[in-house]
Each structure stands twice: as structure tokens, then as C-alpha cells.
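Student: Shown below is the structure under consideration.
The values are calculated or read from the model by the stated rules, or taken from the named source; none is laboratory data. What you see is a predicted model; the values in this text were computed from it and never measured. Cβ: placed from backbone, ideal geometry, glycine included. Neighbour counts: every protein chain shown. For the accessible areas, the whole protein counts, side chains as well, though only heavy atoms, and no ligand, DNA or RNA atoms are used. Shrake-Rupley method; radii C 1.70, N 1.55, O 1.52, S 1.80 Å.
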Amino acid sequence: MSPHLERITQRAAAAPHLRFTALAHHLSEDFLADTWQRMNRRGAPGVDHQTAAAYAADLKEHLRDLVVRNRRRAYRAPAVRRVYIPKPGQPAKRRPLGIPTVADRISGADWTLDE
């Protein structure tokens, strides 16, 4: 983890009432690559129909693009694909499940928090 993110983590632990904004400039290709390694890549594709395997085919370029768009604040999370799955123990009822895109899973959706 970068020193900047370490300091943010320490400040957040020391003062839970603090709100952090504009964290996107702390994201780097290395951080997103680490996120990619830890991420569950078996999930279904989102509204863009891109699978994790297809995303991995050009991973470095995708991560570079995410970093650039996040720093410019140009990244906008696309709509989440909504599917309905059976409720456990109640097969006649269904519950909604949101499936984000692969890029959205990596980038953490919206890194700008309310102040």
C-alpha cells in the first residue's frame, strides 16, 4: 500500500468522524493491479458484457486508463446490471442482485466520498 493510503488509513482509524474526499488521485496502477489480484474474477459480467478474462487480456492498458480517468474525475460508474435470483427457502420469491462491471469492481465505484 502506498504511503499516502497508509496515512489515510491511520487518520481514519484515529478519527472515525472524519470524511475523506477526492481519493482518486491516490490510486495508482500498482494499487489497482493489487486490487485485481485480490478481486473475485469469477463474477458475471456487468452491463458492458465484458468478462474478467477479456479484461485481463489487456490488463495493463485497462488499469492505466482507469487511473487516468479517475485522476481527471472522468470515471463514471455505469449502471449496475440487475438480475433476480430465487430467495433461499422461498423458491417462489426472488430478490434483486446488482452486478457491476469489471472496471467498476476494480476502481471501487466512486472514490469521491461526501464531506
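Student: Quick check for me: using +1 on Lys/Arg Cβ and -1 on Asp/Glu Cβ, what's the dipole size of the chain about its Cα centre, in debye to the nearest 20?
Tutor: Value, rounded to 20: 580 debye.
Student: What are the ³J(HN,Hα) couplings of segment 11-21, residue after residue, when phi is run through the Karplus curve with 6.51, -1.76, 1.60 and θ = phi - 60°? Round to Hz, x for glycine and proline.
Tutor: Whole-Hz 3J(HN,Hα) from phi for segment 11-21: 5, 5, 5, 6, 9, x, 7, 5, 10, 10, 10.
Student: Using alpha carbon centroids, what distance separates segment 1-65 and segment 69-96, in Å?
Tutor: Cα centroid of segment 1-65 versus Cα centroid of segment 69-96: 19 Å apart.
Student: On to the next question. Please give the per residue accessible area of the chain, computed with a probe of 1.4 Å over protein heavy atoms only, in Å².
Tutor: Normalised by residue count, the accessible surface of the chain is 69 Å².
Student: Here's something else I'd like to know. Computed from the coordinates I sent, Cα extents along the principal axes in Å equals one of (1) 48, 22, 21; (2) 43, 29, 20; (3) 49, 38, 24. Tell me the label.
Tutor: (3)
Student: Further question: With a cut-off of 8 Å between alpha carbons and a minimum separation of six or more residues, what is the relative contact order of segment 4-106 in percent?
Tutor: Here the relative contact order equals 29 percent.
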